[in-house]
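Colleague: Handing you this structure, nothing more for now.
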Amino acid sequence: MSGFVSFVGAGPGDIGLITEKGIRRLKSADVVLYDRLANPRLLRFTKPDCRLVYCGKLPDRHVMRQDMINRALTDFALQGLQVVRLKGGDPSVFGRVGEEAKALKEAGIEYEIVPGVTASVAAASYAGIPVTHRDYSTSFTVRTGHYCSNSTGKINESVKNADTIAYYMGIKNLPAHCDQLIKDGLPSTTKIAVVEWATTGKQRTVEGSLETINEKVISNKIQNPAMVIIGDVVSMRKELAWYEKKPLLGKRLLIAKASPSESEIERYFLDSGAEAYAFPTLTMKKTKLSNEDVEHITGSGRLIFTAPESIDIVMESLLEAGFDVRDLPRWIGCLSEKTLQALRLKGIIGHKLQKTEANSVVVGPESQQFNVTFSTHRIVRDQRFKELEERLLAEEKWETVVFPNRSSVDWFTQEADAAGLPLSLLKFAYIGNQVKAYAEEKGFQEIDEEIQREIESWKTNRSKVVSAG
């Protein structure tokens, strides 16, 4: 029995711009073939045993040729697998979905196309440019910035007559396109904007005219991926620009991780305009608690959780052993705000501690930092992300690392060093003075004061939300 292939639009870069249906397909996938421009954070939605295959096309070389991608999609589906082909933007807009779907059709394999937010509209919107406006533009045309083999490069009538034109990946041929548009009758003063890495913390926009834009692109070192927007609507940017006013736009931050759970700090910095990535990606291997272990836990007077993941594992073990939440000790402590909130979700009011206490049963992952009575799981590196993150660390100019706890310092130094990231080039920020001292002990010396202030603000606002809840 053959499997099924979902062509999923990942959106233009901002992780929030994928559709809910696209996320559901990622969660159920057995294998995901993803492109370079698909946000790698989206791969965290996949199952732990989902295979991740990089198909990224770099400007100077192709990791996988198109015929290889077509064959891989077919082969995986014929194995009966649920396959996701994750493409940046919308798969039907210069995403070669027609070629790949045709290969599946010829092989008798069923498929679907899940649209995504296309890069042209998103780039224009995040630059403060509506692609249509009743005073400026009643039509919108998209066009590839590359010359196709069956194209002379001349602008056809639909493009000449369009009020707004968007070129995808148009940097290389930008001078030729501008010259051709002028030859075909557009005034040389026609407004134009070029948006680089739209909807991400790396977004930059330069403006000019058909006559001046190439010089500005060169002087600002704008490169692909970039979207070229041409037309009078570009003038709206002066009033409507919003994304590039975010306070941390352009900052490049790594958020050190010590657990597989989602990083709230990463989300906060992404929303503030920074290019933030939680590293390394970790997963957990559960340790089964015996009935005797559960009896020991329920019979104790004081119970301390060192990690939020342990709570669910203990709850599962309770039910399997014939107990429930009422059998837990009356006094339950924890070591982090995240664990405190996880207890609240179970209807338990916990006590926040700075360290474990004597005469308590301590439950958590295997750790050299804490003397754990019962281990619920092991935290391990998710090897599926290793190659991806090594490439990400090498391609970006990271400035600062944020340490939420002491364990995150250990994980980060180990994995970043293995990936070849020069730790001496990074500033750092932290949560708590103990973490600061530990980071300095490990060799991190220069504090990023701007990011540290943001962390203090985040902590204050977060505490207000928790108190209100």
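Colleague: Which three extents, in whole angstrom, do the alpha-carbon atoms of segment 81-128 cover along their principal axes, largest first?
Modeller: Sorted largest first, the three principal extents are 44, 19, 11 Å.
Colleague: If you don't mind, another one. So, with +1 on the Cβ of K and R and -1 on the Cβ of D and E, and no other charges, what is the size of the charge dipole of the chain about its Cα centre, to the nearest 20 debye?
Modeller: Details: 62 positive and 61 negative charges, 64 e Å.
Dipole about the Cα centre, nearest 20: 300 debye.
Colleague: Something else now. Apply the Karplus curve 6.51 cos²θ - 1.76 cosθ + 1.60, θ = phi - 60°, to the phi angles in segment 37-50 and return the couplings in whole Hz, x for Gly and Pro.
Modeller: Rounded to whole hertz, the list is 8, 7, 4, x, 4, 5, 5, 5, 6, 6, 5, x, 9, 6.
Colleague: To continue, here is another question. What distance in nm separates the two pseudo spin-label positions at Glu450 and Arg24, each 7 Å out from Cα along the beta-carbon direction?
Modeller: 4.2
Colleague: How big is D, in µm² s⁻¹, for segment 326-468 by Stokes-Einstein at 20 °C and 1.002 mPa s if Rh is the Kirkwood radius over C-alpha pairs?
Modeller: Estimated diffusion coefficient is 122 µm²/s.
Colleague: On a straight-distance basis, which aspartates and glutamates could pair with Lys352 in a cross-link, Cα separation under 12 angstrom, same-chain partners fewer than 8 positions away excluded?
Modeller: Within the straight-line cut-off, Lys352 pairs with Glu337.
Colleague: Dipole of the chain (Lys/Arg Cβ +1, Asp/Glu Cβ -1, origin at the Cα centre): which of Gly301, Val84, Pro115 lies farthest to the positive side?
Modeller: Pro115
Colleague: With the dipole of segment 331-469 worked out from charges on the C-beta (+1 for Lys and Arg, -1 for Asp and Glu) around the Cα centre, which of Gln434, Ser360, Ser408 lies farthest toward the positive end?
Modeller: Result: Ser360, furthest along the dipole toward the positive end.
Colleague: What share of Cα pairs, in percent, lie more than 18 angstrom apart in segment 284-380? Before the final figure, lay out the partial values.
Modeller: Working: 1762 of 4656 pairs.
Here the tail beyond 18 Å accounts for 38 percent of pairs.
Colleague: I've got another one for you. Between Arg378 and Asn224, what length in nm is gained on full extension when 0.36 nm per residue of separation is reduced by their alpha carbon distance?
Modeller: In short, 51.3 nm is gained.
Colleague: For the pairs Lys191/Lys216; Lys202/Lys251; Lys257/Lys386; Lys47/Lys386; Lys191/Lys246; Lys47/Lys285, note any where the Cα-Cα span goes beyond 18 Å.
Modeller: On the way: Lys191/Lys216 13 Å; Lys202/Lys251 8 Å; Lys257/Lys386 14 Å; Lys47/Lys386 16 Å; Lys191/Lys246 25 Å; Lys47/Lys285 13 Å.
From the list (Lys191/Lys216; Lys202/Lys251; Lys257/Lys386; Lys47/Lys386; Lys191/Lys246; Lys47/Lys285), the Cα-Cα distance tops 18 Å for Lys191/Lys246.
Colleague: Using 0.36 nm times the number of residues separating Lys183 and Asp324, minus their current alpha carbon distance, what extension gain do you get?
Modeller: Extra length from Lys183 to Asp324 when fully extended: 43.0 nm.
Colleague: Something else about it: Using each residue's phi in segment 163-177, evaluate 6.51 cos²θ - 1.76 cosθ + 1.60 at θ = phi - 60° and report the 3J(HN,Hα) Karplus result to the nearest Hz, with x for Gly and Pro.
Modeller: For segment 163-177, the Karplus curve yields 6, 10, 10, 10, 10, 7, 6, x, 5, 4, 9, 4, x, 5, 5 Hz.
Colleague: Hey, another quick one. Can you check what the Kirkwood hydrodynamic radius comes to for segment 278-335, Cα pairs only, in Å to one decimal? Kindly include the intermediate steps, with their values, before the conclusion.
Modeller: Numbers: mean 1/r = 0.0808 Å⁻¹.
Computed over segment 278-335, the radius equals 12.4 Å.
Colleague: While we're looking at this one, here's another question. Divide by every residue of the chain the summed helix terms, -39500 (n - 2.57) for each DSSP H run of at least 4, and state the resulting mean residue ellipticity at 222 nm, rounded to the nearest 500 deg cm²/dmol. Write out the running numbers ahead of the final one.
Modeller: Values: 16 runs with 154 residues, N = 469.
My calculation for the chain gives -9500 deg cm²/dmol from helical runs alone.
Colleague: Related question: Give the residue list of chymotrypsin sites (Phe, Trp or Tyr not before Pro) in segment 165-219 that are DSSP loop and have at most 11 other beta-carbon atoms within 10 angstrom. Mind showing how you got there, number by number?
Modeller: Values: sites: Tyr167, Tyr168, Trp197; in loops: Trp197.
The qualifying sites: there are none.
Colleague: Please give the helix 449-468 orientation as an angle from the longest Cα principal axis of the chain, in degrees from 0 to 90, rounded to the nearest 10.
Modeller: Tilt of helix 449-468: around 60 degrees.
Colleague: What order do you get for 293-299, 85-91 when each peptide is scored by the mean count of other beta carbon atoms within 10 Å, highest first?
Modeller: On the way: 293-299: 16.7, 85-91: 27.9.
The packing order, highest mean first, is 85-91, 293-299.
Colleague: Let me ask you something else. Can you bin segment 1-69 into rounded, prolate or oblate? Criterion: square roots of the alpha carbon gyration tensor eigenvalues sorted a ≥ b ≥ c, rounded for a/c under 1.5, prolate for a/b above b/c, oblate for the rest. Numbers along the way, then the final one.
Modeller: Working: a/c = 1.86, a/b = 1.18, b/c = 1.58.
Oblate is the answer for segment 1-69, as a/c is 1.5 or above yet b/c matches or exceeds a/b.
Colleague: Can you list the HN-Hα couplings for segment 293-303, worked out from phi with the Karplus curve (6.51, -1.76, 1.60; θ = phi - 60°), rounded to whole Hz and with x for Gly and Pro?
Modeller: 4, 5, 4, 5, 5, 5, x, 7, x, 9, 10
Colleague: How large, in Å, is segment 121-245 by the Kirkwood hydrodynamic radius built from its alpha-carbon pairs? If you can, show how the numbers build up before the last one.
Modeller: Numbers: mean 1/r = 0.0699 Å⁻¹.
Evaluated on segment 121-245, it is 14.3 Å.
Colleague: Report the per residue volume, in Å³, of the convex hull enclosing the C-alpha atoms of the chain.
Modeller: On the way: hull volume 80.6 nm³, N = 469.
Measuring per residue, one finds 172 Å³ for the Cα hull of the chain.
Colleague: Then there's this: About the Cα centre of segment 249-297, how large is the charge dipole given +1 on each Lys and Arg Cβ and -1 on each Asp and Glu Cβ? Please answer in debye to the nearest 20.
Modeller: Numbers: 7 positive and 8 negative charges, 59 e Å.
The calculation lands at about 280 debye.
Colleague: Another question, then. Once R0 is set to 56 Å, what does the formula 1/(1 + (r/R0)^6) return for the Cβ-Cβ distance between Ser2 and Lys355, expressed as a FRET efficiency to the nearest 0.05?
Modeller: Here the calculated transfer efficiency is 0.50.
Colleague: How compact and how long is segment 4-116, expressed as Rg and Dmax of its alpha-carbon atoms in Å?
Modeller: Values for segment 4-116 (Cα only, Rg and Dmax): 12.6, 35 Å.
Every read-out reported here was derived from the displayed coordinates using simple, explicitly stated rules and does not represent laboratory data. This is a predicted model, so every value here is computed, not measured. Ideal geometry is used to build each Cβ from the backbone, glycine not excepted, and the neighbour counts take in all protein chains shown.
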